[in-house]
Each structure stands twice: as structure tokens, then as C-alpha cells.
Amino acid sequence: MGMLFHPVHLMLFFLAGILLLIPAIFYLLTLQNALSKCAPPSRTMEPAMVWLLLIPLFGLIWSFIVVMALAKSIGNEYRRRGIPCPDPLPGQNIGMAMCICGCCGIIPIIDLLAGPAAFVLWIVYWVKIAEFSRLLDLPSAVMPAPPPY
């Protein structure tokens, strides 16, 4: 029992935590920036609310809310700016799949498939949101804000 809390083990645990936290912070910054680029009337969530994803267990449920709010906000902003997008809720499908796999990742045995799938979908979702966000950097004709859903 005493060897579990050996300083070397604690140091390795701390370093692993830091290494996992760094990509999570960049991911959350991407989500926050995407929401920040949406005009306030188009937003369905304040940008800083994405940081609640860092709360253990609560973050699993909150991720569904963030995905839906981000998809609606980006879709609203695209319509407001007149940016053509074939999907009225950009990124929602891949984001919901990521969230579902993330929740299934805490179930024993199922986690063997759901965990890696959630990780891959997380990366794909991150890249998609970054692409949608980059489109919001381009100048376009601004239209009045759409009515909220």
C-alpha cells in the first residue's frame, strides 16, 4: 500500500494529468473561439460556458449541451452572414456521436470499443469546428440575425 504513493508514482501521475490537460485546453479554446466569432444574437450559449466541460462527470452531460448549442450558434451565424452551408446544424451529427461514445466509454467492456471511437470522433469534431470557425473569419455580407430556434 505504501508503494502506491511513492513520490515517483505521484510525479508520473501528475505529469500524465498535465499531458492530458494540454490538448483539452486547446480544444476548449477552439470551441470558445468559434462561439466568440458568432454575433451575440446568433449565440445560444456564452463562449465561456464551454469551460464547464472540465468538471468530471458533469462534463459528460454538458458535452451534449455544448455540441447542440455550438451547432445552432454556428448555423445561425452562417445564415446571418449569408454563408452557404448544406447542414443547418453544422457539426452536430459528429458531435453527438462523440458524446454518445464518450458516455458509453464509462461502461465496462463496451469501453473497449467506445473509448477509442470517442477519441477519434473528438479529433474529427475538433477539426470540423476549427474549419467552421475559419469560415467565420472570412468577410461576407451581413444579414439581420435569424430568429432563435
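Data table
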quantity: Residue in region 68-80 that is part of a helix (DSSP H, G or I), within 18 Å of Cys101 (Cβ to Cβ) and out of contact with any Pro (no Cβ under 8 Å at 6 or more places or on another chain) present; calculated: yes
quantity: Matching option when the condition is within 20 Å of Tyr78 (Cα to Cα) and not polar (S, T, N, Q), among Ala34, Ala16; calculated: Ala34
quantity: Any hit, region 12-22, residues being under 15 Å from the mean Cα position of the chain (by Cα), within 19 Å of Met98 (Cα to Cα) and at pLDDT below 95; calculated: yes
quantity: Residues (assigned to a helix (DSSP H, G or I) and under 24 Å from Gly75 (Cα atoms)) located in region 37-63; calculated: Pro47, Ala48, Met49, Val50, Trp51, Leu52, Leu53, Gly59, Leu60, Ile61, Trp62, Ser63
quantity: Identity of the residue in region 94-134, part of a loop (DSSP other than H, G, I, E, B) and of a type in the set (Val, Ile, Thr), that ends up nearest to Met68 (Cα to Cα); calculated: Ile106
quantity: Of residues in region 37-58 being surrounded by fewer than 15 Cβ atoms within 10 Å (Cβ to Cβ) and not hydrophobic (A, V, I, L, M, F, W, C), the one farthest from Arg80 (Cα to Cα); calculated: Pro56
quantity: Odd one out for Pro88 among (1) in contact with a helix residue (DSSP H, G or I) (Cβ under 7 Å, 6 or more places away or on another chain); (2) within 13 Å of Leu31 (Cβ to Cβ); (3) of a type outside the set (S, T, N, Q); calculated: (2)
quantity: Filter result for the condition that a residue is surrounded by fewer than 23 Cβ atoms within 10 Å (Cβ to Cβ), of a type in the set (Val, Ile, Thr) and modelled with pLDDT of 95 or more, over Ile65, Ile83; calculated: Ile65
quantity: Set Ile22, Ile109, Ile74, Ile18: member being under 17 Å from Val127 (Cα atoms) and surrounded by fewer than 11 Cβ atoms within 10 Å (Cβ to Cβ); calculated: Ile22
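The values are calculated or read from the model by the stated rules, or taken from the named source; none is laboratory data. Predicted, not measured: the structure shown is a model, and the values here were computed from it. Counting neighbours? That spans all protein chains shown, and the Cβs are built from the backbone with ideal geometry, glycine included.
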